[in-house]
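The values are calculated or read from the model by the stated rules, or taken from the named source; none is laboratory data. On a predicted model such as this, the values are computed, not experimentally measured, just so you know. Cβ placement follows ideal geometry from the backbone for every residue including glycine, while neighbour counts extend to all protein chains displayed. These accessible areas exclude ligands, DNA and RNA; they are computed on the full protein's heavy atoms, side chains included. Shrake-Rupley method; radii C 1.70, N 1.55, O 1.52, S 1.80 Å.
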Amino acid sequence: MPPSKLRLGIDVGGTFTDVCLVDGFNRQWIHKVPSTPVDQSNGIAHGLTEILALAQAQAEAVIFLAHGTTVATNAVLEHKLAPVGLLTTQGFRDLLEIRRQKRPDLYDLNVDQPPPLVLRHLRLEVPERLTHTGEVLMALDEAAVRSAAEVLCRHGVQSIAICFLYAYLNPEHERLARAILLKAYPHLAVCLSHEVLPEFREFERFSTTAANAALVPVLGPYLTNFASRTAALGITVRPYIMQSNGGVASINAAAALPVHTVLSGPSAGVIGAIYIGRQCGFDNLITLDMGGTSTDVSLVAHGVPRITGDKEIAGNPLRIPAIDIHTIGAGGGSIARVDTGLHLKVGPESAGVWPGPAAYGHGGTLPTVTDANVVLGRLNPQQMLGGRMTIDAESARQALSQHVAQPLGLALAAAARGVVAVVNANMALAARLVSAEKGYDPRDFVLIAFGGAGPLHAAYIAEELGIRRILIPPRPGILCALGLLVTDLRSDFSQSVLCLANGAALPQINAAWSALTARAAAWWQQEEIAPAAQLLEGAADFRYLGQHFELRVKAKPGQWTESDLTALIAAFHAEHERQYAYHAAEESVQLVTLRVTAYGLVDKSAGELALDDAPEGTAVLWLGERWVDWDGQPGRVLTPIYNRAGLQPGAKITGPAIIEQMDSTTVVPPDYQMTVLDGGSLLLEGSLPAGEGGDQGE
Amino acid sequence: MALQPLDPVTVDVIGAHLLAVAREMGVVLVRSSYSSNVKERQDCSASILDGQGLTIAQAEHIPLHMGSMLGIAEHILRKFTLANIHPGDLFLANDPYSGGGTHLPDITLAAPYFYDGQLVAFVSNIAHHAEVGGALRGATDIHSEGLRIPPVKVCDAGRWRQDVLDLLLLNFRLPQERQGDLRAQFAAGRVGLQRLGELYARYGGDTVAAAIKTLRLKASRQIRQAISLVPDGTYAFTDWMDADDGGREAIAVIITVADDVLTLDFSSCAAQSTGTHNVTFPALKATVLYAVRALLDPSLPANTGFYDAVRIVAPPGSIVNAVPPAAVNNRSDTCQRIVDAIFGALAPALPSRVPAAGNGAVTGILFSGYDPYRHRFFSYIETLGGGSGARPTKDGLDGVHVHVTNTSNLPVEALETEYPLRVEKYELVAGSGGAGEFRGGLGLCRQIRILADQINYRSKGDRVVTPPWGLAGGEAGGTASFILNPGTSAARPLGPRMQGVLLDCNDVIAVTTPGAGGFGDPTRRAAAARERDQREGKVGANGRLE
């Protein structure tokens, strides 16, 4: 029977474009093609054509298509942004360049600031001013707007950010300025600060708006191109684009707010991890996505990713709703070195795709984490990628010996263990950052490890954190592409209100809720989401009067009564207690920002994805054995090597063992129990000493 | 206890863990505190000290805070002795002469950590409190600068001493805000103790002690190696502070490099001043350590291992080692000048590393008084960045904090919502970067309108008279100015360190911070860099308000 009801996920990374296809019978196809950085849609078209051929499927049968893109991310990282102009309140054109007036490093005299998002001569002021209550202190000088627009257009800007003080309280001046601009220059892309981010704190709002304006001319054409390439292949559904908030959006929505895709790269992996976790019965997860050059760590409590609004990329703060993912510059390709103080450091320098680790035999001479794993025997010392790549273990040994073992006066094996221990400690500290620093005990969570290198390190990282259970998805290397298939449409709306949280403020609060829910309804309509698929969630940011940071509390997204407010204030006290170990019941509480999240739920009722690698029972299980160096064991241990594809649900293995598969290697240390779960995920259980870690209940 | 030598990896893993504990304390402090000064501007730091009070790890936001961290535990141990220090104690101190502080607004918290019944460490954190009492209209000695706190127990073996807390809070004009910030310091301390406990439980006391010892040895080796790469010799430099009487005061240093030891002699500095910009020894030491680390090896860890290769000579009673009752509130401007002098002295020895002089001040303005709109007393302080010195291979940074400080600005939308003030201008000052092959960074101008009567204005800063110097043929950067009601017939320049000025509704203060010196012959500046400066309007007409 030809595949029908096809669902496609396309994740474009720096090296590979992963395509994941699932049909109505839960049959799954995976394909990897080289990415094409100049125009990502070339690689995508290539990958789509090939996977449809592999599956012998028709493009018309595609009913869902989601795409994770790094076009906007790379544009910001490499500062390849469109020329953009800024119109702002008189007296404040340098705000974008002054930033928060801090230098990026306390001691490094050679450090530089990232270039400003808008160059100084393209930042123009116009007379206008609002007060902190939103009243007009000085009316907008319309003639000044016209002449500023003329100057900016003469300089060839393609888009203009309009950023006025207090526009989140009173948007009239920003709207009027846009009308004047578009009347004279209808081709311009114009972004208003109160539309991109209607929240207080001007620098962050201006910066986010300017970044959005600089990305509109970059992402817009790419998305148009992407849409026409998929249409040309015969795919008729509207494609969706992954956003930083862990939801997808239509092409039009993504093109209008491209800044919302900047941090989307790792978010599909978290959504995929939540899906796998739920499949296996776990909803408290710490996700560890360890790739070649970096590792992304995040925390999922009760099946919900933590969303934050204070992320930064390339030195620019972006106040966009984003899954709270902590990225560290260390992965399999990270280079180990000994610094002037004789400290062993790993990363952030990476051997990259080329020449890569010394073990790849492409001429790399510096030792990497991968090389250390090869020396320890944890990675296959002969070949990888299912035999598509040979491994040069001797080069790995040489690199590690020369650059780590000799300077530190260590034996080779100790040096290799050292490199792995340092990287594991860094990962564990990153995991503490997203858990303990936010008031969560990591021991209450399951570590779900993916990315090419995650399953290789997961057990020891878990041990550092006191975590007893580790989950390895069936296809650790392509979890992002899978995540795209199970991602809902999502849009976040916010409104700063800044009022004392008491009954007198209820009219103001409820007026803001009305405005927010109206925006959500307009979004549903625009995205053509059927009422049955609509879901609305609310949240409110509170703080003690006089505090300057807010805490977010879940809230009813609609008309509040006095008792709703009382309950929410109590919830805020409790959250403050949980995060900071104290609360102040006698203090006045201020309500800062109201938020709604609107969902368009995607049909995931196709059932659980079967993720077997090969038709049941056809793959070999036993690959042989080799000598492997394990922490806490004096010598090397002869360790069995299993083929992941040959592992059937229900199978149990006691460590030490190594599980190899095309896209990853899973390490099961001595005394660990490994169970293959239904659906193909692996559950590793350590045996921590009593009193440490252990179950916190199912 | 016998300390086994540890493998280098365990040492580094424990080192990273200790640093993470300090950082987590810093995060809790910033996020849970009340005042804008701690929260938005992050004028705070956190550290872990050993049982003798020596630094093990720091989460630094501000290099100058290292001074107070160095001092507090030493004073606690001296005053209370081991017999009177118990688990569950919390100590506070701020006094520069008896509590190890560097000025009164920096209140330091320290909590002892016991392992196996032994005092093995302190966790410590520091927050700059916006108001600590004292004379509103100007201080003449340490007593009038605020409430002096020697090391006191606010919590004794787990029991809060409300009487002591009441005494402190009674002396502050904004007790509720102080209480909020202190609570955040206590919470951060508790988190620090908890995390340190987890670390000790995981590795054991002997292993942690051995790791700390090794980390110190490594730091000592690292600094000595860096010093030995500096050509041996004697290097001298004198820079100048603006004196309160309109004259100038010498900040002079003679640096001797002998093999792997660095000696800095400040014997020729001016005598201590009757003004508020005196420096006590802990602040001098923190400043010297900053300069050494920045110039010789920024990767040096903040632990005491590296301090013993650096010797400091400073006669008591001088402006860099003041004795009671000298006022010290504005010590940070002088600390910046100490850095300038050290950099100036070592420029011939390290020509490819030393930048030209940065803005050389911690320019600050403070407004306080009764807010008639919000019906409360308010106190608002902010410090402004300026230029950073041009480097031997590139331009300086525009509008940043340099050297001993690094605090955020307060958003205009937060400031105006909270205080009876309106910001009318916040911009880079064109032409304030010293010319050179590489241009000095630009200063900032901020103009604030007062929206209430009878508001106290205080300021701090420097380099109104002596501009930041250039290097290798680069020109000096722009100077600072403080102007009341600029652009009106009543315009009047004010001094850098003013006290007791009363402002009324609609008065305007315009502060211009210094730029920074240029590096290299200006005629060698690349054509593209010149064009960029012209296009972006960063050179030419000095935008300072006359």
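Checking A:G347, A:G341, A:G352 one by one, the residue that is closer than 26 Å to B:A219 by Cα, in a loop (DSSP other than H, G, I, E, B), modelled with pLDDT under 90 and not hydrophobic (A, V, I, L, M, F, W, C) is A:G341 and no other.
Here's the yes/no breakdown for (1) in contact (Cβ under 8 Å) with a residue 60 or more places away in the chain; (2) in contact with a helix residue (DSSP H, G or I) (Cβ under 9 Å, 6 or more places away or on another chain):
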| position | (1), (2) |
| --- | --- |
| B:K285 | yes, yes |
| B:L295 | no, yes |
| B:N303 | yes, yes |
| B:F306 | yes, yes |
| B:S318 | no, no |
| B:N330 | yes, no |
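Answer with yes or no whether A:R432 is under 32 Å from the mean Cα position of the chain (by Cα), within 14 Å of another protein chain (Cβ to nearest Cβ) and either free of Cβ contacts under 8 Å to residues at least 60 places away in the same chain or farther than 30 Å from A:T308 by Cβ (or both). Yes, satisfied.
Among the listed residues A:G347, A:G329, A:G291, identify the single one that is free of Cβ contacts under 8 Å to residues at least 40 places away in the same chain and among the small types (G, A, S). Step through it out loud before you land on a result.
On the way: A:G347 fails: free of Cβ contacts under 8 Å to residues at least 40 places away in the same chain; A:G291 fails: free of Cβ contacts under 8 Å to residues at least 40 places away in the same chain.
Within the list A:G347, A:G329, A:G291, the selection yields A:G329.
Does B:R178 fit the bill of being open to solvent by less than 20 Å² (accessible area, probe 1.4 Å), among the basic types (K, R) and within 14 Å of chain A (Cβ to nearest Cβ)? Spell out how you get there, then give the answer.
On the way: open to solvent by less than 20 Å² (accessible area, probe 1.4 Å): yes; among the basic types (K, R): yes; within 14 Å of chain A (Cβ to nearest Cβ): yes.
Here the answer is yes, as B:R178 does meet what is asked.
For region B:264-301, a tally of residues being of a type outside the set (A, V, I, L, M, F, W, C) and closer than 30 Å to B:V11 by Cβ returns 9.
Does A:T308 count as buried (at least 24 other Cβ atoms within 10 Å of the Cβ), closer than 16 Å to A:A430 by Cβ and in contact with a strand residue (DSSP E or B) (Cβ under 7 Å, 6 or more places away or on another chain)? So that I can check it myself, show each step before the final result.
Working: buried (at least 24 other Cβ atoms within 10 Å of the Cβ): no; closer than 16 Å to A:A430 by Cβ: yes; in contact with a strand residue (DSSP E or B) (Cβ under 7 Å, 6 or more places away or on another chain): yes.
No: the conditions fail for A:T308.
Considering only region B:98-114, state which residues are surrounded by fewer than 20 Cβ atoms within 10 Å (Cβ to Cβ) and modelled with pLDDT of 95 or more. First the steps, then the outcome.
In the first step, residues of region B:98-114 are kept if they are surrounded by fewer than 20 Cβ atoms within 10 Å (Cβ to Cβ); the result is B:98, B:114.
B:F114, the sole residue that qualifies.
The residue that is farthest from B:D245 (Cα to Cα), among those in region B:484-500 that are crowded, with 20+ Cβ neighbours inside 10 Å and out of contact with any His (no Cβ under 8 Å at 6 or more places or on another chain), is B:P486. In a residue-by-residue description of region A:273-295, the property of being open to solvent by 10 Å² or more (accessible area, probe 1.4 Å) and in a strand (DSSP E or B) applies to at least one position.
Conditions (1) buried (at least 17 other Cβ atoms within 10 Å of the Cβ); (2) in contact (Cβ under 8 Å) with a residue 40 or more places away in the chain, marked per residue:
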residue	(1), (2)
A:G352	no, yes
A:T370	yes, yes
A:Q382	no, no
A:G387	no, no
A:Q402	no, no
A:A405	yes, no
A:A414	yes, no
A:A421	yes, yes
A:A425	yes, no
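Would you confirm whether or not region B:212-228 contains a residue that is within 20 Å of B:A46 (Cα to Cα), assigned to a helix (DSSP H, G or I) and among the basic types (K, R)? Yes, region B:212-228 contains at least one residue that is within 20 Å of B:A46 (Cα to Cα), assigned to a helix (DSSP H, G or I) and among the basic types (K, R). Among residues belonging to region B:220-239 that are under 14 Å from A:H343 (Cα atoms) and crowded, with 22+ Cβ neighbours inside 10 Å, point out the one that is farthest from the chain's Cα centre (by Cα). Among those residues, the one meeting the criterion is B:Q222.
Out of region A:72-103, which residues are within 19 Å of A:I241 (Cβ to Cβ) and touching a strand residue (DSSP E or B) at 6+ places or on another chain (Cβ under 8 Å)? Selection gives A:T73, A:V76, A:L77, A:A82. Out of A:V76, A:V19, one residue alone is crowded, with 20+ Cβ neighbours inside 10 Å, away from every other protein chain (no Cβ under 14 Å), of a type in the set (V, I, T) and in a strand (DSSP E or B). It is A:V19. Taken over region A:112-131, the criterion of being facing chain B (nearest Cβ under 9 Å), open to solvent by less than 30 Å² (accessible area, probe 1.4 Å) and either under 30 Å from A:C499 (Cα atoms) or in a loop (DSSP other than H, G, I, E, B) (or both) is satisfied by A:R129, A:T131.
Where residues in region B:420-439 are open to solvent by 10 Å² or more (accessible area, probe 1.4 Å) and within 10 Å of another protein chain (Cβ to nearest Cβ), which of them is nearest to the chain's Cα centre (by Cα)? Talk me through it step by step, then tell me what you get.
Residues of region B:420-439 open to solvent by 10 Å² or more (accessible area, probe 1.4 Å): B:422, B:424-425, B:427, B:430-431, B:433, B:435, B:437-439.
Adding the requirement that they be within 10 Å of another protein chain (Cβ to nearest Cβ) leaves B:422, B:424-425, B:427, B:430.
Working: B:R422: 27, B:E424: 28, B:K425: 26, B:E427: 24, B:A430: 27 Å.
If we take residues in region B:420-439 being open to solvent by 10 Å² or more (accessible area, probe 1.4 Å) and within 10 Å of another protein chain (Cβ to nearest Cβ), then B:E427 is nearest to the chain's Cα centre (by Cα).
In region B:33-50, the residues that are within 11 Å of chain A (Cβ to nearest Cβ) form Cβ pairs under 7 Å with partners that are in a helix (DSSP H, G or I) and among the β-branched types (V, I, T), at six or more places apart or across chains, as follows: B:V38/B:V30; B:K39/B:V30; B:Q42/B:V30.
Taking region A:311-326 as the range and being within 14 Å of chain B (Cβ to nearest Cβ), within 23 Å of A:V270 (Cα to Cα) and touching a residue at least 40 places away in the same chain (Cβ under 8 Å) as the test, the residues that pass are A:P317, A:R319, A:D324, A:H326.
In region A:94-111, of all residues being more than 7 Å from chain B (Cβ to nearest Cβ) and assigned to a loop (DSSP other than H, G, I, E, B), the one that is farthest from B:I450 (Cα to Cα) corresponds to A:V111.
Please enumerate the residues belonging to region A:132-145 that are under 23 Å from B:A414 (Cα atoms) and surrounded by fewer than 17 Cβ atoms within 10 Å (Cβ to Cβ).
First, the residues of region A:132-145 that are under 23 Å from B:A414 (Cα atoms): A:132-140.
Passing the criteria: A:T133, A:G134, A:E135, A:V136, A:L137, A:M138, A:A139.
Being touching a helix residue (DSSP H, G or I) at 6+ places or on another chain (Cβ under 9 Å) and part of a strand (DSSP E or B) is the filter; apply it to region B:259-283 and report the residue that is nearest to B:A476 (Cα to Cα). Among them, the one singled out is B:L264. Note on region A:295-312: residues that are under 12 Å from the mean Cα position of the chain (by Cα) and not charged (D, E, K, R) amount to 7.
Please specify each residue of region B:63-78 satisfying the condition of being out of contact with any Asp or Glu (no Cβ under 8 Å at 6 or more places or on another chain) and under 17 Å from B:Q336 (Cα atoms). Spell out the reasoning first.
At the first step, the residues of region B:63-78 found to be out of contact with any Asp or Glu (no Cβ under 8 Å at 6 or more places or on another chain) are B:63-64, B:67, B:69-78.
Those that are out of contact with any Asp or Glu (no Cβ under 8 Å at 6 or more places or on another chain) and under 17 Å from B:Q336 (Cα atoms): B:P63, B:L64, B:G67.
From the list A:A167, A:A161, the one residue that fits, being modelled with pLDDT of 95 or more, among the small types (G, A, S), in contact with a Cys (Cβ under 6 Å, 6 or more places away or on another chain) and buried (at least 24 other Cβ atoms within 10 Å of the Cβ), is A:A161.
Results for (1) within 11 Å of another protein chain (Cβ to nearest Cβ); (2) closer than 30 Å to B:W160 by Cβ; (3) among the aromatic types (F, W, Y), shown as yes or no for each residue.
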site	(1), (2), (3)
B:G197	no, yes, no
B:A210	no, no, no
B:I223	yes, no, no
B:V230	no, no, no
B:T238	no, no, no
B:E249	no, no, no
B:L262	no, no, no
B:C269	no, no, no
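Every condition in (1) assigned to a loop (DSSP other than H, G, I, E, B); (2) open to solvent by 10 Å² or more (accessible area, probe 1.4 Å); (3) among the hydroxyl-bearing types (S, T, Y) holds for B:T407 except the one numbered (2).
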